[in-house]
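The values are calculated or read from the model by the stated rules, or taken from the named source; none is laboratory data. Owing to the predicted nature of the structure, the values given are computational and were not obtained by experimental measurement. FYI the Cβ positions are ideal-geometry reconstructions off the backbone, even for glycines, and counts take in every protein chain you see. For accessibility, only protein heavy atoms count, side chains too; no ligands or nucleic acids. Shrake-Rupley method; radii C 1.70, N 1.55, O 1.52, S 1.80 Å.
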Amino acid sequence: MQTSITSFYRSYLRQIQSLPHHYLRSFFRIKAHDDVRAIAKTDNLRLQRVKVKRVSKDIRKIQRALRGDKDAFASILDLAYGRRGKLKWEIMQPMLSDPTVPPPKPIIPSKPKSRPPVYSRELQALLTTGFSRSTANPLKPEHLIFPPVLPARANPSSEEARLLGPLSKRREVNKRWRYFVTEWKKILPPLEVVVKTTDGSENTGLEDVSQAGIRSAGFQGHGVFKEIEDIIGPVTPARPITRRERRTRPEDNPSPPSAMPRHPSRWLRRRYQELLGRLPALIYSYDPRYPEGRGSYSAQASIGALHHDVKATAHRRPVLDDSGLAWYQRAQLRNKKE
């Protein structure tokens, strides 16, 4: 069995070596090591076969992704960037509590475990924004205080509570926690927190996050999000100059390169643009003149993402250059003459 596990591991690594991005190869090497080690430590043959079957399914998915299967490639991207699986839980876990807020009072006074869930500021921003949810509809802020799954009887001052009696406290606790778990599992977690100040500067490093007095998230300071944007390249690449423009351009002002730095494969760039649509940017905005903790969180989508809410924004339109300005002025003169 040891020989078969070794050959199985080698086959896994051969598939991983063909992945197109360094981060993907690093992630799946670690995953392959953990998966094969878990198989080797399992003494139960039936359970071992189940684990081998599951890992074989992952290998076949990587093979399909390398052959150009869009769904398979999107699946391995979601796994590697924490859209699902164990990594998603590791990114989300710090946001599911807020140590800066005192714990709420128990709904049942004699049961300390009956405290309602706490929505941290990061979690509130992600829940109330459509960019950061796998479902289209964001939550309303009042739903975080009084979940819509609770009947009106949960409010002691309501007419239903007066006529039918108040809702069971234990039932209220269960409904609040079920709603909390159901909704946070729909969140697409951010890879990092972007710190914005009132002067317009943006920072994503660990030092900038600590100076702002907030918690880091996911891959803070590792540049993983920037690597994705570098693969995609600029949203509106520069227009290649014509031969006449090249001849008339002065020698002291050489022509800019027409080819912008990005991955050469258009198919791969599209897959990462789709991934950006599932990677919300968590923005923390604050004024450095005020004490820490005065800022606010919001969630946005990258301008390079293939997302229905950002595809028609002004950032996706090409910048007006000299040639475009000349055509615009010429059209204005023609309209005046007419």
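In percent, rounded to a whole number, the relative contact order of the range 1-160 is 11, using alpha-carbon pairs under 8 Å and six or more apart. If you bin all the Cα-Cα distances of the range 87-181 at 5 Å, starting from zero, the percentages per bin are 2, 12, 18, 23, 19, 13, 8, 3, 1, 0. Summing Lys and Arg as +1 and Asp and Glu as -1 over all other residues whose Cβ lies under 14 Å from the Cβ of H143 gives a net charge of +4. Solvent-accessible surface of the chain, averaged per residue with a 1.4 angstrom probe and all protein chains in place: 63 square angstrom. Only helices enter the 222 nm calculation for the chain: every DSSP H run of n ≥ 4 contributes -39,500 (n - 2.57), and dividing by all residues gives -14500 deg cm²/dmol, rounded to 500. Between the range 177-242 and the range 37-109, the alpha-carbon centres lie 21 Å apart. Oblate is the label for the range 181-241. Its Cα gyration tensor axes, ordered a ≥ b ≥ c, give a/c of at least 1.5 and b/c at or above a/b.
Report in % the part of the accessible area of the chain that belongs to carbon and sulfur, leaving out ligands and nucleic acids; probe 1.4 Å. Carbon and sulfur together cover 53 percent of it. Go from 0 up to the bin containing the longest alpha carbon distance in the range 1-60, width 10 Å each, and give me the % of pairs per bin. It works out to 22, 55, 19, 3, in whole percents.
Here the contact order of the chain, divided by its residue count and restricted to Cα pairs under 8 Å and six or more residues apart, works out to 14 percent.
Shown here: the chain, whose C-alpha atoms stretch 84, 68, 42 Å along the first, second and third principal axes, sorted largest to smallest. Binning the alpha carbon pair distances of the range 125-204 at 5 angstrom intervals from zero yields the distribution 3, 13, 17, 17, 13, 12, 9, 6, 4, 3, 2, 0, expressed in whole percent. Annotation: the range 30-128 has a Kirkwood hydrodynamic radius of 17.2 angstrom, from the mean reciprocal C-alpha pair distance.
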